[in-house]
Amino acid sequence: MSSKVLAIDQVEEKTLLDGLAAVCPPRGERRAVLYVTSLRGIRKTFEDCGKVRMILQGFGVAIDERDVSMHAEFRQELKELLVEVAERKNAAAKGSPAPPMPVPRLFIGGRYVGGVEEVSQMNEDGLIGRLVEGLPRQSSVATCEGCGGVRFVPCLECSGSCKVVVFGGGVGDFSGSGVVVRCSYCNENGLIRCPVCL
């Protein structure tokens with residue numbers, strides 16, 4: 001009897017995963033990756049991001065939040081992922097731009113789950129809990145001491161200015177005149193991912 005129940009559970013799990021597009025963000029194979037915005041310009045979007053975050057936090061799963069308003073690389077990453085999702089859903093859509101899909105956007109274990117409506121419905125149906133089983137757990141509910149929960153800190157190389165001075169003599173040689181160049185460590189806002197909670 002128990003082997004039949006196990007087999008039914010395995011079939012249901014396979015069917016659940018088969019219903020989700022196999023599109024994986026970088027380093028997202030065994031994580032819950034949530035694309036969000038911290039900008040409050042459009043209140044509904046900001047609140048939707050908070051709603052999806054709260055659903056995931058309710059299961060105690062570690063969330064890899066990628067703020068598209070703080071980092072252009074995350075914005076480009078999400079755009080490419082959504083084009084891939086559109087192509088998988090409709091083979092005729094190849095080469096066409098991704099339909100507008102505002103944040104939040106959730107990926108779990110290398111599968112595209114969806115936005116706030118899809119995540120909320122799946123949560124009500126009891127499916128999100130099953131999807132996050134086996135994923136890393138949130139270590140604590142305390143706010144990160146490095147970034148205060150923002151997940152970004154000012155660049156350690158340029159102090160957030162996006163500029164560094166390079167001297168012609170090489171490392172350790174400060175003779176001659178220096179040239180100001182764009183810092184290669186930080187993003188367009190002079191920020192790096194928090195090394196404490198990364």
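Just so it is clear, none of the values below were taken in a lab; they were calculated from the coordinates. Quick caveat: nothing in here was measured; it's all calculated off a predicted structure. Heads up, the Cβs are rebuilt from the backbone with ideal geometry, glycines too, and the neighbour counts pull from every protein chain shown.
At-a-glance table
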quantity	calculated
Set of aspartates and glutamates with alpha-carbon distance to residue 89 below 16 Å, sequence-local pairs under 8 removed	18, 80, 118
Spin-label proximity, residue 51 to region 118-143 - amide N less than 11 Å from point 7 Å beyond Cα toward beta carbon	118-121
